[in-house]
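Chemist: Below is the structure I would like to discuss, written out as structure tokens.
What follows is calculated from the coordinates using simple rules that are stated; it is not laboratory data. Everything quoted here is computed from the prediction, not taken from an experiment. Don't worry about glycine lacking a Cβ; one is built from the backbone with ideal geometry, like all the others, and counts go over all protein chains shown.
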Amino acid sequence: MYESITGTLKEKDPLKAVVEAYGVGYRLNISLSTYTRLPYPEAKVHLYLSQVIREDAHTLYAFDVKEDRNLFEMLLTVSGIGPKTALAIVGHMEPGAFQRAIHTSDVRLLSKLPGIGKKTAERLVLDMRDKFKGPSKKDALLSLNLSPPEPHLETDAIQALIHLGYHPLDAQKAVASVRSEEKEEQDLGRFITLALKKI
């Protein structure tokens with residue numbers, strides 16, 4: 001089992017990255033969020049790995065954030081969620097926002113993710129809630145290194161931005177940026193207005 005890789009980024013595109021370490025080039029499947037945060041080719045990178053073994057292939061998935069990798073592996077334990085869907089979820093929703101969506105049973109927000117319909121979103125809520133709230137809740141949260149769920153204001157603001165047609169990841173980043181600057185803001189309308197200025 002591989003844990004991580006440190007090497008030189010040789011190539012990158014929204015689906016994969018090639019990292020050279022000790023003369024060997026590793027082809028790594030990556031999430032969209034990891035792609036947006038990768039440096040230019042020839043830069044040094046450190047990525048966290050997850051190996052998925054199938055009968056016809058051994059595939060390495062890489063993430064620049066350990067929490068993304070941990071969430072990816074947790075998603076793979078959900079019935080009907082394969083590597084492609086798990087990677088899409090991680091690439092479009094940060095772990096903290098995903099935990100909040102599960103905690104609040106936000107099926108509508110989850111249904112906005114690529115490849116996730118209403119039924120899959122409902123199954124995600126049921127299965128992941130058990131993982132977060134079951135006997136291993138403490139271990140699951142520690143492995144994801146997630147903070148406690150935030151107030152509904154942020155979730156409502158993200159939903160509103162997505163409803164307006166903005167990308168879920170952009171919506172999350174904008175809302176997080178506003179919250180870091182306006183720690184006391186509780187008016188949803190003003191919060192959304194401020195977030196729109198960040199996109």
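Chemist: Order by neighbour count: Glu55, Glu182, Glu42, fewest other Cβ atoms within 10 Å first, most last.
Modeler: Glu55, Glu42, Glu182
Chemist: When Tyr26, Tyr40, Tyr48 are ordered from fewest to most other Cβ atoms inside 10 Å of their Cβ, what list results?
Modeler: Tyr40, Tyr26, Tyr48
Chemist: Tell me the net charge near Ser111. Cut-off is 15 Å between Cβ atoms, Ser111 excluded, with +1 for each Lys or Arg and -1 for each Asp or Glu.
Modeler: Residues near Ser111 contribute +3 overall.
Chemist: Shifting gears a bit: Skipping prolines and chain starts, which residues have an amide H placed within reach, meaning under 5 Å, of the one on Tyr26, given they are 5 or more residues away or on another chain?
Modeler: Val19, Glu20, Ala21
Chemist: Here is a further query. Hey, fewest Cβ within 10 Å first, where do Asp130, Asp56, Asp64 land in order?
Modeler: Starting with the residue having the fewest Cβ neighbours, the order is Asp56, Asp130, Asp64.
Chemist: Let me ask you something else. Name the shape class, rounded, prolate or oblate, that the alpha-carbon gyration tensor gives for segment 152-196, where a ≥ b ≥ c are the square roots of its eigenvalues, rounded holds for a/c under 1.5, and otherwise prolate holds if a/b is larger than b/c and oblate otherwise. Let's see the in-between values first.
Modeler: On the way: a/c = 1.94, a/b = 1.49, b/c = 1.31.
Prolate.
Chemist: I would also like to ask the following. With an 8 Å cut-off on Cα pairs and a minimum separation of 6 or more residues, tell me the relative contact order of the chain in percent.
Modeler: 14
Chemist: Related question: Under unit Cβ charges (Lys, Arg +1; Asp, Glu -1), what dipole magnitude, rounded to 20 debye, does the chain have relative to its Cα centre?
Modeler: Values: 27 positive and 26 negative charges, 58 e Å.
Computed about the Cα centre, the dipole is about 280 debye.
Chemist: When the chain is modelled as a GNM with alpha-carbon springs shorter than 10 Å, which of Ala21, Ala62, Ala171 fluctuates the most?
Modeler: Of Ala21, Ala62, Ala171, the Gaussian network model singles out Ala21 as fluctuating most.
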